1. Test residue 110 against the stated conditions and say whether it is within 14 Å of residue 21 (Cα to Cα), touching a residue at least 60 places away in the same chain (Cβ under 8 Å), surrounded by 12 or more Cβ atoms within 10 Å (Cβ to Cβ) and touching a strand residue (DSSP E or B) at 6+ places or on another chain (Cβ under 6 Å).
2. Restricting to region 45-55, count the residues that are more than 23 Å from residue 70 (Cβ to Cβ) and more than 8 Å from the chain's Cα centre (by Cα).
3. Against the definition (outside any helix (DSSP H, G or I), more than 24 Å from the chain's Cα centre (by Cα) and at pLDDT below 90), how does residue 124 come out, yes or no?
4. Can you tell which of 80, 61 is at positive phi and more than 12 Å from the chain's Cα centre (by Cα)?
5. If I go through region 59-81 residue by residue, how many of them are over 21 Å from residue 104 (Cβ atoms) and surrounded by 14 or more Cβ atoms within 10 Å (Cβ to Cβ)?
6. Output the number of residues of region 36-55 satisfying the condition of being without any contact (Cβ under 8 Å) to a residue 24 or more places away in the chain and surrounded by 15 or more Cβ atoms within 10 Å (Cβ to Cβ).
7. For region 1-104, which strands (runs of 3 or more DSSP E) that fit wholly inside it have 3 or more residues that are within 28 Å of residue 115 (Cα to Cα) and in contact with a helix residue (DSSP H, G or I) (Cβ under 7 Å, 6 or more places away or on another chain)?
8. Suppose we filter 95, 103, 14 for residues that are loosely packed, with under 13 Cβ neighbours inside 10 Å, more than 23 Å from residue 2 (Cα to Cα) and at pLDDT 95 or above; which single one remains?
């Protein structure tokens with residue numbers, strides 16, 4: 001594991017998040033972003049944010065940068081969070097419950113075997129003739 005990130009209390013049910021996480025598990029960060037951009041699911045937005053956050057945590061404050069094609073999602077899981085209970089008026093004076101479900105999403109990244117790390121050149125300009 002080279003980087004990880006988590007989002008808590010995402011306002012989407014864990015069951016819906018798991019449908020999307022199964023699609024990107026084991027993919028590179030570059031491929032996962034492509035899949036999440038073109039997916040018509042509401043859960044893809046918080047998942048994309050947490051994947052990009054984990055990738056940013058990998059490269060934060062390092063001289064040697066890892067490219068998005070050299071990092072893959074080694075573990076991703078969605079657990080259920082607390083449920084917000086609300087009530088709606090129903091017929092004959094009754095009240096029916098509304099449950100707003102939440103999810104906790106965890107992402108771990110690892111480096112693709114055999115990939116090289118790119119050294120960042122700071123402050124150096126190309127010298128041409």
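The values are calculated or read from the model by the stated rules, or taken from the named source; none is laboratory data. This structure is a prediction, so every number in the text was calculated from the model and none was measured. No Cβ is skipped: glycine too gets one built from the backbone with ideal geometry, and neighbour counts run over all protein chains shown.
1. no
2. Residues that pass the stated criteria total 1.
3. yes
4. 61
5. Total satisfying the criteria: 7.
6. 4
7. 3-10, 71-80
8. Every option except 95 fails the conditions.
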